[in-house]
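Below is the structure I would like to discuss, written out as structure tokens.
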Amino acid sequence: MIHSLFLINSSGDIFLEKHWKSVVSRSVCDYFFEAQERATEAENVPPVISTPHHYLLSVYRHKIFFVAVIQTEVPPLFVIEFLHRVVDTFQDYFGVCSEPVIKDNVVVVYEVLEEMLDNGFPLATESNILKELIKPPTILRTVVNTITGSTNVGDQLPTGQLSVVPWRRTGVKYTNNEAYFDVIEEIDAIIDKSGSTITAEIQGVIDACVKLTGMPDLTLSFMNPRLLDDVSFHPCVRFKRWESERILSFIPPDGNFRLLSYHVSAQNLVAIPVYVKHNISFRDSSSLGRFEITVGPKQTMGKTIEGVIVTSQMPKGVLNMSLTPSQGTHTFDPVTKMLSWDVGKINPQKLPSLKGTMSLQAGASKPDENPTINLQFKIQQLAISGLKVNRLDMYGEKYKPFKGIKYMTKAGKFQVRT
């Protein structure tokens, strides 16, 4: 299974390594660095790299590459899912997952990795089980450990580790019992110059924060569960019940966890929440070009689009831009040729626009193609796929918990061609 794990920062330095079976030389990462050089952006590094004696599987998150080294054939998604789980665990333990934080807590990091894999195979990957095995670092605990020479390793085996629900510890008690669910959808789309959709798909997740006393059994039902065709569940979900009734039935882990992730790719189901009107023109003989874009809402069920940021990589021939936004602020970097417009909220009564001229290199030929426009945005209280939670019920405990559901749609890779 997994022999070694290397953590590599964006400047190509290996700042942490962990070996489980045998020590693999750092030189194996040279193959990774070669692939990194060939890729223009960090996200474009291939997740699976084959070398003469090893396979390198990597994920890139928080400006860090997590590179696992394996020597035999293994389902790649199994390793990639584990690497994502490692990142999520670090985030849960330390609040943020970054190079300085990992270096500051290097002892805890090694202890956690030792528990997560046993001889290269995943063992304990549930956050609340790990927190009983390895106590999360606090200032007081760090001071005590420094003085007494003790470690963060717990004295006892976690209570849930030997039960049929290893993701939940026993004897959980809260004064306020609450269960919150966030339905977060990310829309990836490519829109052509006439405004029609080339591709569009939605990646959705339901994140939960459950703080309930005892051993509650929850059921979550949807108004339109048929929308969920490609679904990945947390191990706590009873799959047979979902298959037969399309109802999520589960004993939840304690605290924060991802209940499920799903994917909607049917073109007719994906509503596009924004449109961009554009008029970008370069003239052959002139050293000036015209630039106009307007952003407006479309199929948002009356909800406000906020946090809108428009970026565009301009052609090399553009020397400078003289633009006037009707709202928000814009910047143009003459070196990288990157235009960025921070729009903020869209008011449907007065649509934001950015208009002006471009200065082009004298004598240079007209650019072969117009620039593409990338959008970022957020819409609160809306799941763009139309997914809606019907009800949440609790069995097995007498008290009445406080329940809340929140929806949010945001842009993933949202691109408009001009």
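Say we join alpha carbon atoms closer than 10 Å with springs in a Gaussian network model of the chain; which of VAL153, VAL183, VAL164 then has the biggest fluctuation?
The residue that fluctuates most here is VAL164.
Excluding ligands, DNA and RNA, what is the solvent-accessible area per residue of the stretch 2-148 at a probe of 1.4 Å, expressed in Å²?
50
Need the full-extension length gain, MET223 to LYS413, defined as separation in residues times 0.36 nm minus the C-alpha distance. One decimal, nm. Mind showing how you got there, number by number?
Values: separation 190, 0.36 × 190 = 68.40 nm, distance 2.80 nm.
Gain in length upon complete extension: 65.6 nm.
Rank ALA383, ALA266, ALA68 by mean-square fluctuation in a GNM of the chain with C-alpha springs under 10 angstrom and give only the top-ranked residue.
ALA266
Using the heavy atoms of the protein chains and a 1.4 angstrom probe, tell me the accessible area per residue for the stretch 280-407 in square angstrom.
Values: 7210 Å² over 128 residues.
Heavy-atom SASA per residue in the stretch 280-407 reads 56 Å².
If DNA, RNA and ligands are ignored and the probe is 1.4 Å, what is the ranking of ARG241, ARG168, ARG38 by accessible area, most exposed first?
Numbers: ARG241 80, ARG168 0, ARG38 180 Å².
Heavy-atom accessible area, descending, gives ARG38, ARG241, ARG168.
Can you pull the accessible area of ASP342 for me, 1.4 Å probe, Å² to the nearest 10?
We get 70 Å² for ASP342.
Where only protein heavy atoms count, and the probe is 1.4 Å, what is the accessible area per residue for the stretch 200-263 in Å²?
About 42 Å² of surface per residue is accessible.
Let me ask something additional. Which of rounded, prolate or oblate describes the chain when judged by the alpha-carbon gyration tensor and an a/c cut-off of 1.5?
Oblate.
Less than 11 Å Cβ to Cβ from GLN327, Lys/Arg counted +1 and Asp/Glu -1: what total charge do the surrounding residues give?
+1
Another question, if that's okay. Please find, in a Gaussian network model of the chain (springs between Cα atoms separated by less than 10 Å), the residue of VAL210, VAL109, VAL101 whose mean-square fluctuation is greatest.
Evaluated over the chain, the most mobile residue of the options is VAL101.
Next question. Can you give the calculated 222 nm mean residue ellipticity of the chain, where each DSSP H run of n ≥ 4 adds -39,500 (n - 2.57) and the sum is split over every residue, rounded to the nearest 500 deg cm²/dmol?
Rounded to the nearest 500, the figure is -5000 deg cm²/dmol.
Between LEU288 and ASN347, what is the spin-label point distance in nm, taking each point 7 Å from the Cα along the Cα→C-beta axis?
Result for the modelled spin labels: 3.0 nm.
How much solvent-accessible surface does ARG246 expose, in Å² to the nearest 10, with a 1.4 Å probe and all protein chains in place?
Spelled out: ARG246, probe radius 1.4 Å, area about 60 Å².
Mind ranking TRP20, TRP242 by accessible surface for me, highest first, 1.4 Å probe?
On the way: TRP20 35, TRP242 10 Å².
Largest to smallest exposure gives the sequence TRP20, TRP242.
Pop out the ³J(HN,Hα) list for the stretch 98-113 in order, Karplus 6.51 cos²θ - 1.76 cosθ + 1.60 with θ = phi - 60°, rounded to Hz; leave Gly and Pro as x.
The phi angles translate into 9, 4, x, 5, 5, 5, 5, 10, 4, 5, 5, 4, 5, 5, 5, 4 Hz.
Helix 29-38 sits at what angle to the longest principal axis of the chain, using alpha carbons and giving 0 to 90 degrees rounded to 10?
Once rounded, one gets 20 degrees.
Can you give me the distance in nm between label points at ASP30 and HIS62, each placed 7 Å from the Cα along the Cα-to-Cβ direction?
3.1
Something else: Angle, helix 76-94 long axis vs. longest principal axis of the chain, Cα atoms, 0 to 90°, nearest 10?
Result, in degrees: 80.
Now for a separate question. For HIS53, put the label point 7 Å out on the Cα→Cβ axis and report which residues of the stretch 1-34 keep their amide N under 15 Å from it.
Of the residues in the stretch 1-34, 3-4, 21-31 have backbone N under 15 Å from the label point off HIS53.
While we're here: Of the cross-linked pairs LYS240/LYS388; LYS211/LYS378; LYS211/LYS240; LYS173/LYS410; LYS173/LYS398, which ones have a Cα-Cα span greater than 24 Å in the structure shown?
Details: LYS240/LYS388 22 Å; LYS211/LYS378 27 Å; LYS211/LYS240 26 Å; LYS173/LYS410 35 Å; LYS173/LYS398 14 Å.
Too far apart for the 24 Å limit: LYS211/LYS378; LYS211/LYS240; LYS173/LYS410.
Using a Förster distance of 25 angstrom, determine the FRET efficiency expected from the C-beta separation of LYS398 and ILE184, and round it to 0.05. Let's see the in-between values first.
Working: r = 32 Å, r/R0 = 1.28.
With a Förster radius of 25 Å, E is 0.20.
May I pose another question? Using protein chains only and a probe of 1.4 angstrom, how many square angstrom of SER27 are accessible, to the nearest 10?
70
Could you sort ASP368, ASP118 by their accessible area in this structure, using a 1.4 Å probe and putting the largest first?
ASP368, ASP118
Carbon and sulfur atoms: what percent of the 1.4 Å accessible area of the stretch 274-380 do they account for?
Values: 2780 of 5780 Å².
The value for the stretch 274-380 is 48 percent carbon and sulfur by accessible area.
Each residue of the stretch 61-67 in order: what ³J(HN,Hα) in whole Hz does its phi give by Karplus 6.51 cos²θ - 1.76 cosθ + 1.60, θ = phi - 60°, with x for Gly and Pro?
9, 6, 6, 10, 8, 9, 10
To make sure I understand the rule: partners must be aspartates and glutamates, Cα under 17 Å from the Cα of LYS193, and not fewer than 8 residues away in the same chain. Which ones qualify?
GLU292, ASP368, GLU369
Within the stretch 70-104, what residues put their amide N at less than 12 Å from the label point 7 Å along the Cα-to-Cβ vector of ASP333?
none
Which whole-number percent gives the relative contact order of the chain, counting Cα pairs below 8 Å spaced six or more residues apart?
Value for the chain: 14 percent.
Between the stretch 181-208 and the stretch 283-343, how far is it from one alpha carbon centroid to the other, in angstrom?
Computed from Cα coordinates, the inter-centre distance equals 22 Å.
Here's a follow-up. Please determine, in degrees from 0 to 90 and to the nearest 10, the orientation of helix 139-148 with respect to the longest principal axis defined by the Cα atoms of the chain, where the helix direction is its Cα long axis.
Helix 139-148 sits roughly 50 degrees off the main axis of the chain.
The values are calculated or read from the model by the stated rules, or taken from the named source; none is laboratory data. Just so we're clear, the structure is a prediction, and the values are computed from it rather than from any experiment. As a convention, Cβ positions derive from the backbone with ideal geometry for all residues, glycine included, and neighbour counts pool all protein chains shown. What goes into the accessible areas is simple: the full protein's heavy atoms, side chains included, and nothing from ligands, DNA or RNA. Shrake-Rupley method; radii C 1.70, N 1.55, O 1.52, S 1.80 Å.
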